Amino acid sequence: ARSFADIGDIVRGRVLYRGNKQEKEKRKQLKKNLKTIFENIRKENKSKLSTLKDEQIREYWWYANRATIWEALTCDVKSGTYFRHTCGTGTPTDDKCRCLIGDVPTYFDYVPQY
């Protein structure tokens, strides 16, 4: 299982999953694909991103898109007994494990696997 934080680390280039040797080629391909994706993001946003390092672009993208990624990961969570139903302040989450103001709850570890 991967946690939401693991996904963020992978996107930002911090830590790639270090599974068995059979996964080595998959990790290489993922790294290559992410490099291409972020090169394209740099090209499409030259005015904003041309002076940033690759790591900074990855951080920028993750910060801009993490809520959307969380929504995609939890879009089909209906009952959510797997999750706590509060948002850290004691306010309840709605039916899709999201805080009422739309923020990603910070205490989540693992997302459900299908």
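Summary of values
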| quantity | calculated |
| --- | --- |
| The lone exception for C97 - which of (1) modelled with pLDDT under 80; (2) on the phi < 0 side of the Ramachandran plot; (3) not in a helix (DSSP H, G or I) it fails | (2) |
| Selection status of W62, in contact with a helix residue (DSSP H, G or I) (Cβ under 8 Å, 6 or more places away or on another chain), at pLDDT 85 or above and surrounded by 14 or more Cβ atoms within 10 Å (Cβ to Cβ) | yes |
| Cβ pairs under 8 Å, 6+ apart, first in the stretch 56-76 and assigned to a helix (DSSP H, G or I), second modelled with pLDDT of 75 or more and of a type outside the set (A, V, I, L, M, F, W, C) | I57/R42; R58/R12; R58/G13; E59/R12; W62/G8; W62/R12; R66/G8 |
| Residue among Y114, Y82 that is at pLDDT below 65, in contact with a Pro (Cβ under 9 Å, 6 or more places away or on another chain) and either part of a helix (DSSP H, G or I) or exposed (fewer than 15 other Cβ atoms within 10 Å of the Cβ) (or both) | Y82 |
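The values are calculated or read from the model by the stated rules, or taken from the named source; none is laboratory data. Note that the structure is a prediction, hence the values are computed from the model and not measured. In this analysis, Cβ positions are derived from the backbone assuming ideal geometry, glycine residues included, and neighbour counts consider all displayed protein chains.
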